[in-house]
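Notes follow the structure.
The values are calculated or read from the model by the stated rules, or taken from the named source; none is laboratory data. In this text, all values refer to a predicted model and were calculated from it rather than measured experimentally. Here Cβ is always computed from backbone atoms with ideal geometry, including for glycine, and neighbour counts include all displayed protein chains.
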Amino acid sequence: MAAPLLQLDKATIRFGGLTAVNSVDFTVGEDELVGLIGPNGAGKTTVFNLMTGVYQPTDGTITFNGTPIAGLRVNEIVDLGIARTFQNIRLFGSLSVFDNVRVACNLHRATSPIQALIRGKSFRADEAAITKRAEELLDIFNLRRFRDAPSKSLPYGEQRRLEIVRCLATKPKLLLLDEPAAGMNPTEKIELVRLIQQVQKQFNLSILLVEHSMKVVMGVCQRIAVLDYGVKIAEGNPAQIQSDKKVIEAYLGEDHQTALSHH
Amino acid sequence: MTTQSESLNSQPSTLNFPLSEFLQQLLNGLSLGAIYALIALGYTMVYGVLRFINFAHSDVFMVGSFIGYYAGKHVPERTYWGGLLVLVVAMLGCALLGMLIERLCYRRLRGSATLNVLITAIGVSLLLEYSGQVFFGATPRTFPDIFPSTNFAFGSLVISSNQILVIVVATLLMVALQLIVYRTKIGTAMRAVSLNPKAAQLVGVNNDIVISFTFGLGSALAAAGGILYAINYPSIDPLMGVMPGLKAFVAAVLGGIGNIPGAALGGLLLGTVETFVNGSQWSTYKDAIAFAILIGILLFRPAGLLGKFTVEKV
Amino acid sequence: MSLRFPPSPNSRHGTFRIRVYPCPSVVKNSGSPTIPVPRPHLYLLAALLVALGISQFSDRIDPYFLDVIIGIGINIILAVSLNLVNGYTGQFSLGHAGFMSVGAYLAAAVSLFLGPKILGEAGGTALQQGLMFLAALVAGGLGAAFAGLIVGVPSLRLKGDYLALVTLGFGEIIRVVFQNVEFLGGALGLNGIPAYTTIFWVLAFVALSVFVVTCLVHSTYGRGFLATHDDEIASESVGLNTTRYKIVAFVIGAFFAGTAGGLYGHFKMTITPTGFDFTKSIEIVVMVILGGMGNTLGVILAAILLTLLPELLRPIAEYRMIIYSLMLIILMLVRPQGLFNFKFGKAKL
């Protein structure tokens, strides 16, 4: 059996006396769509920050595609193939929609400031390729009509989509989505579920989804892991998670056993 | 005993007795440091409530000296009551000035980009300096002897009454400030605004009044610093605030900006270090020392000696 | 215009006020060129030719007027290069005068100490002098760029106010060091620097600095500067090395500050450490802010205006600095986005 794409092995991080993530074992396989859920403050975003190099684990290892990522810079991990979105959208507000995508096209790392000044043949070829790729991406996600608008002027739902498109421009193997449904109405959530499925199929990648909305998580994830107080308390398919006692307790306390499935 | 009014750094010191020379420098350093501390408190308080560097603070310090200069002409020289009266007048005048600056310039910029506020502060600073040059004249003036001054000699150690005055007045003011901040209602409000301005407003604190008060308080302390500085370095001019201001700011950062005891500690440390450097063969580098300390502290302990460092949340 | 209700309080833009956003579909195409500036080198060449052309007539131009133009040119170079750091990359440097002084001293030292050895007693032909000057300017620029690297690497871990202070501190330290180096004249500075600076050299370097900054920013590589400005964490998360971007901006900015210093020294023929104190840095920062951060054209206009202003106010010399500072305050209060930034947000050249 091939090694999983992403593997957390006893990943732990402590901030002073607080253990935010405690010895979490967790994997994401090729082409898998995994959910990571848990009550507020369970450490989900912290896990994301560990995977993307924002924080360094105090203990344990994280391996991506066979490479241990400890000590790498955030941008180096992106080069390996992990891209992420943020809970509170982080677009480049003053750049146009188009430039938000272009700046993320990782072809450009072939060019340098010197080449940008000389503007030789390879530079122009790179620029043209980047422009083409960015336009294709905008077309796929129906964002072309906003091409030259400043990204901060987009409607909220489109900003979320643009953030995902920007991630795809880096050609990731694994896409981390941090609460993409936050602030969305039910119709938008349905669209989001469709979008996530489309992205996974069309771009052949694995997706790890942190989400509060059970509708979204249960709708798209093949497998779900549950965190509570930095510890993984359950893992399984949506049906198993919905009926898991520990999970229900963590979310609702002991008296509301049925509420989760009705959410 | 001799009566003379000399600058701190030109105090006679003999090289024969290293220990007494050390004590002499330490004393000189502490009295210079006490002045830096008084100015630093204003920077640190304003940074605490508004999170910006009030560049104009150093010029409020200068205005304090000039108010003292003019007020000093109307009181008998070399009397304690006269000197204290001048001190109080300068403090009140500068408190008003500080509040006026806040009301007219900074209040409208609350919540704007750091850079814009900083440039406005620099604008106010330049305005005060150049207005000073027009109205007070650019040539240095001699500050009157408003306090009685004597020198006490213990062997080769010379202590001037002015140095003692500086340390005593500065200490009293800092104790008073500590009482205001921790024992009064307005002080509690100041601390609340500094921790979370929005939450403070929600529980009924009037932020405008608190910020205005903070400026008044900080400016009054700067004025006191200005008078004490002028007593020891009696030549005053409209640009006199620039260097002490920058150094006091370094002191505030050194102690941990936004932290009141930190500013006092930073001021004393900086004054002492600078005086020792000034007495050594590296004296021509004394202005660089403050900045070297600033850079060092920002790179290795950005929160300062007594501050807490916070990281941006992702 | 369309009314949009605010997103959830979770979002970054989540305020509880209704804001009016321009409807994106009617936002005019801002014309982001697909292939940015087709042949920028032609513009540079043309600009250099124009500079050469103007310099042929320089002896017919009123000397006072010529001096003012040279002063404007030097300030444009300073402001445009600082704009790369403070405007486009969003860092906050208050030490530009420090880099300028490194360039000024180094270039002056090359002309004063190496010049006579290479050119001989006679002083060489005009062409030889020109090449000598070019070498001096490049040396000054490289020296300043090196200083930029030394300052940049440790400082760029810091942000905002703190970065401003560290750069200010470095600038002041450079000044104190120059005051103490006897070889470079100490506090008296260097005198008798040959007057090599002509209108040609100034215009040529103005063109070069504008070319470099514009070309950089209008490339996929260069958009990384803008991305770094907007959001460092997001930039890292799309694979940009923000530290490297910041250092590149710092080094290029310092290079041009250095050449501007070299031009300044060979124009005034005398330089002192106090001429490059933090007031000078502030003056350049003000040009950048007034021009509208990250807007090269605006910054050029601001540099022109702020160089002319003291000249225009000369009749009321006593009050001119008061007027200058008052204007600064009023501008910040009523037009915080800069005088020449007509589009709020990012403006393009």
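Just a few scattered comments:
- Exactly one residue out of B:262, B:271, B:258 is over 20 Å from residue B:25 (Cβ atoms) and part of a helix (DSSP H, G or I), and it is B:262.
- Selection of segment A:182-195 for residues being surrounded by fewer than 23 Cβ atoms within 10 Å (Cβ to Cβ) and more than 9 Å from chain C (Cβ to nearest Cβ) yields A:185, A:186, A:187, A:188, A:189, A:190, A:191, A:193, A:194, A:195.
- Filter result (under 20 Å from residue B:55 (Cβ atoms), away from chain C (no Cβ under 14 Å) and either among the hydrophobic types (A, V, I, L, M, F, W, C) or in contact with a Leu (Cβ under 6 Å, 6 or more places away or on another chain) (or both)) within segment B:68-124: B:94, B:95, B:96, B:97, B:99
- Scope segment B:80-123; condition over 30 Å from residue C:87 (Cβ atoms) and surrounded by fewer than 18 Cβ atoms within 10 Å (Cβ to Cβ); matching residues: B:80, B:81, B:84, B:85, B:88, B:92, B:96, B:100, B:103
- Restricting B:245, B:241, B:307, B:267 to those that are more than 9 Å from every other protein chain (Cβ to nearest Cβ) and over 11 Å from the mean Cα position of the chain (by Cα) reduces the list to B:307.
- Extreme residue, farthest from residue B:274 (Cα to Cα), among residues of segment B:18-49 that are surrounded by fewer than 24 Cβ atoms within 10 Å (Cβ to Cβ) and in contact with a Ser or Thr (Cβ under 8 Å, 6 or more places away or on another chain): B:48
- Any hit, segment C:254-266, residues being farther than 30 Å from residue A:171 by Cα and either within 10 Å of another protein chain (Cβ to nearest Cβ) or surrounded by fewer than 22 Cβ atoms within 10 Å (Cβ to Cβ) (or both): no
- Qualifying residue in segment B:215-222 (condition: over 25 Å from residue B:275 (Cβ atoms), part of a helix (DSSP H, G or I), without any contact (Cβ under 8 Å) to a residue 60 or more places away in the chain and out of contact with any helix residue (DSSP H, G or I) (no Cβ under 6 Å at 6 or more places or on another chain)): no
- When residue A:88 is tested against the conditions (1) free of Cβ contacts under 8 Å to residues at least 12 places away in the same chain; (2) touching a helix residue (DSSP H, G or I) at 6+ places or on another chain (Cβ under 8 Å), the lone failure is (2).
- Among (1) surrounded by fewer than 17 Cβ atoms within 10 Å (Cβ to Cβ); (2) under 20 Å from residue C:224 (Cβ atoms); (3) under 21 Å from the mean Cα position of the chain (by Cα), the one test that residue A:114 misses: (3)
- Residue match in segment B:77-92 (condition: outside any helix (DSSP H, G or I) and among the aliphatic types (A, V, I, L, M)): no
- All conditions in (1) more than 24 Å from the chain's Cα centre (by Cα); (2) at pLDDT 85 or above hold for residue C:75, with the sole exception of (1).
- Against the criterion of being closer than 29 Å to residue C:224 by Cα and not charged (D, E, K, R), residue A:186 does not qualify.
- Within segment A:147-168, the set of residues being closer than 28 Å to residue A:76 by Cα, within 7 Å of another protein chain (Cβ to nearest Cβ) and not charged (D, E, K, R) comprises just one member, A:150.
- Any hit, segment C:272-291, residues being away from every other protein chain (no Cβ under 12 Å), under 27 Å from residue A:119 (Cβ atoms) and basic (Lys, Arg): no
- Filter result for residue C:115 (of a type outside the set (Asp, Glu) and either assigned to a helix (DSSP H, G or I) or within 10 Å of another protein chain (Cβ to nearest Cβ) (or both)): yes
- When segment C:125-156 is filtered for residues that are outside any helix (DSSP H, G or I) and touching a residue at least 60 places away in the same chain (Cβ under 8 Å), only C:156 remains.
- Of all the numbered requirements in (1) in contact (Cβ under 8 Å) with a residue 60 or more places away in the chain; (2) part of a helix (DSSP H, G or I), residue C:194 misses one, and that requirement is (2).
- In summary, helices (runs of 4 or more DSSP H) completely within segment C:251-349 and bearing 1 or more residues that are in contact with a Pro (Cβ under 7 Å, 6 or more places away or on another chain) occur at C:317-334.
- Residues of segment C:223-240 that are facing chain A (nearest Cβ under 7 Å), assigned to a helix (DSSP H, G or I) and without any contact (Cβ under 8 Å) to a residue 40 or more places away in the chain: C:223, C:224, C:227, C:233, C:234, C:236, C:237.
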